[in-house]
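Enquirer: I have a structure I would like to understand better, so I am pasting it below and will then ask my questions one at a time.
The values are calculated or read from the model by the stated rules, or taken from the named source; none is laboratory data. These numbers were taken from a predicted model, which means no experiment stands behind them. Please note: Cβ atoms are built from the backbone with ideal geometry, for glycine as well, and neighbour counts cover all protein chains shown. Remember, those area values only see protein heavy atoms, side chains included, never the ligands or the DNA or RNA. Shrake-Rupley method; radii C 1.70, N 1.55, O 1.52, S 1.80 Å.
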Amino acid sequence: MTRQANVISPDLIPAALYPTINALCATSIEVAAIIARAGLGQSLAAQVGENSDGDGQKALDVLADDMFEAALRGGDVRWYASEEQEDALLTSESGKYALAIDPLDGSSNIDVNVSIGTIFSIFEAKEGAEESFLRKASEQICGGYILYGPATCLVVTFGDGTQQYVLDPTKGEFVLVEKAMSVPETSKEFAINASNYRHWTTPVRTYIDNCLAGKDGPRGMDFNMRWVGSLVAETHRILTRGGIFLYPGDARPGYENGRLRMVYECAPIAFIIEQAKGHATDGETPILDRQAETLHGRIPLVFGSAHKVQRVADHHDLSE
Ligand SMILES: O=P(O)(O)OC[C@H]1O[C@](O)(COP(=O)(O)O)[C@@H](O)[C@@H]1O
Ligand SMILES: [Mg+2]
Ligand SMILES: [Mg+2]
């Protein structure tokens, strides 16, 4: 790993993790600059292949993965696992961490100039790759995302609250703006891909039906709906003004456990949300109590304001 200039203040970052976090931030500044020029040159949304899951890979998915891998290689990360690569890579024999990454989240939004991001999760590394990643999500020592939106920001937890940093593009530095983010408890917004309604289970339909019924239904109030199609952007909105996000399992072939991957999407988002006093489950069980069975395995994800997430779990109880 080439030593990079510091682009983030070390104050709230555990010293041993600082070089890794700094490398992620430095790389994200380069990724943000590429995204900012996206409309000017070659299409970053061009389909260039398929990942091991059969998802189409866009040029920016692969480019971002190459950039993060190169930035971390030879540093403190022993195992590097990416959405874009079938197997975890040994990136440093002497590294003490295992880092899983969704290098570019929200790929379908690349060509429409809508917010996209990077999500990452860090564990203490074990000898082998599988044992390093296939363990309880509560064993994470760091979860974070970088949002490439109108502003680029880092939201991260090391298990002692959730912090937000915003990139000052004039200085090329991430500036701490919030030491302890907290998911607001009151909000009338829910986020779900409603085009899958007919494929959902009864508890999920009932929860959403009750929201849609608004003032005339059992909830006795009107709701609003949002769906960006970028998990990072939905998470950021919920951290900022509350609400709930659901990507449940459904009846479509291959969607029994929803769409989102446990290791590099659901686990770090759950860690961030729980550290901000929200809640994250698979519909019933806390995500932090779950353990991935495979590196790219999916899991249903429900997160947001704690009482809303609990209400979804209560609906699941009723159906049994
Ligand atoms: O296509 P859908 O059903 O709207 O799913 C959107 C979800 O898929 C994702 O784009 C999956 O992530 P990738 O773009 O990293 O594959 C999430 O960001 C988002 O929440
Ligand atoms: Mg993703
Ligand atoms: Mg991705």
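Enquirer: Which cross-chain or sequence-distant (5 or more) residues have an amide H under 5 Å from the amide H of THR162, H modelled 1.01 Å from N in plane?
Expert: HN-HN under 5 Å from THR162: MET181.
Enquirer: For segment 1-133, give the magnitude of the charge dipole about the Cα centre (Cβ charges: +1 Lys/Arg, -1 Asp/Glu; no others), in debye to the nearest 20.
Expert: 660 debye
Enquirer: Then there's this: Heavy atoms only, probe 1.4 Å: what % of the accessible area of the chain goes to carbon and sulfur, would you let me know?
Expert: Looking at the chain in its full context, I get 49 percent from C and S.
Enquirer: If I stretch the segment between GLU124 and THR285 completely, what's the gain in nm (0.36 nm per residue apart, minus their alpha carbon distance), one decimal?
Expert: Full extension of this stretch gives 55.6 nm more.
Enquirer: Using amide H atoms built 1.01 Å from N in the peptide plane, name the residues 5+ places from THR91, or on other chains, whose amide H lies under 5 Å from its own.
Expert: Excluding prolines and chain starts, which carry no amide H, the hits are TRP79, TYR80.
Enquirer: Hey, what did segment 105-222 get for relative contact order, percent, Cα under 8 Å, at least 6 apart?
Expert: For segment 105-222, the relative contact order is 13 percent.
Enquirer: Take the alpha-carbon centre of segment 155-220, take the same for segment 128-151, and report the distance between them in whole Å.
Expert: 19 Å
Enquirer: OK, next. Calculate how many DSSP beta bridges within segment 46-117 are antiparallel, expressed in % of all such bridges and rounded to the nearest 5.
Expert: 55 percent
Enquirer: Another one. Provide the per residue accessible area, probe 1.4 Å, for segment 44-94, rounded to a whole number of square angstrom.
Expert: 41 Å²
Enquirer: Continuing with the same structure: Restricting to the chain, what percent of DSSP beta bridges are antiparallel, rounded to 5?
Expert: If I count the DSSP bridges inside the chain, around 80 percent turn out antiparallel.
Enquirer: Under a plain spin-label model, where a point goes 7 Å from the Cα along Cα-to-Cβ, how far apart in nm are ARG252 and GLU86?
Expert: Inter-label distance under the simple model: 2.5 nm.
Enquirer: Still on this structure, I have one more. Would you grab the residues whose amide H sits under 5 Å from the one on CYS142? Only those 5+ places off in sequence or on another chain, please, with H modelled 1.01 Å from N.
Expert: Under 5 Å from the amide H of CYS142 lie the amide H atoms of ILE122, each far enough along the sequence or on another chain.
Enquirer: Same structure, new question: By how many nm would the segment from ARG226 to LEU12 lengthen if fully extended, with 0.36 nm per residue of separation less the alpha-carbon distance?
Expert: Length gained between ARG226 and LEU12: 73.8 nm.
Enquirer: Assigning unit charges at the beta carbon (Lys, Arg +1; Asp, Glu -1) and nothing else, what dipole magnitude in debye, to the nearest 20, does segment 124-192 show about its Cα centre?
Expert: Value, rounded to 20: 180 debye.
Enquirer: What chymotrypsin sites (Phe, Trp or Tyr not before Pro) in segment 199-232 are in a loop by DSSP, with at most 15 other Cβ atoms within 10 Å of the Cβ?
Expert: TRP227
Enquirer: Just to be sure I understand the model, the point goes 7 Å from the Cα along the line to the Cβ. What's the resulting THR240 to ASP314 distance in nm?
Expert: In this crude spin-label approximation the distance works out to 3.0 nm.
Enquirer: Sticking with this structure for a sec: How much accessible area per residue does segment 189-319 have, in Å², with a 1.4 Å probe?
Expert: 40 Å²
Enquirer: Would you kindly derive the ³J(HN,Hα) couplings of segment 292-299 from the backbone phi angles with the Karplus curve 6.51 cos²θ - 1.76 cosθ + 1.60 (θ = phi - 60°), listing them in order in whole Hz, with x for Gly and Pro?
Expert: Rounded to whole hertz, the list is 5, 9, 9, 4, 9, x, 9, 8.
Enquirer: Of all beta bridges DSSP finds with both residues in segment 189-319, what is the antiparallel percent, to the nearest 5?
Expert: Among the beta bridges of segment 189-319, antiparallel pairing accounts for roughly 70 percent.
Enquirer: Any idea of TYR18's accessible area? Nearest 10 Å², probe 1.4 Å.
Expert: Here the residue's solvent-accessible area equals roughly 30 Å².
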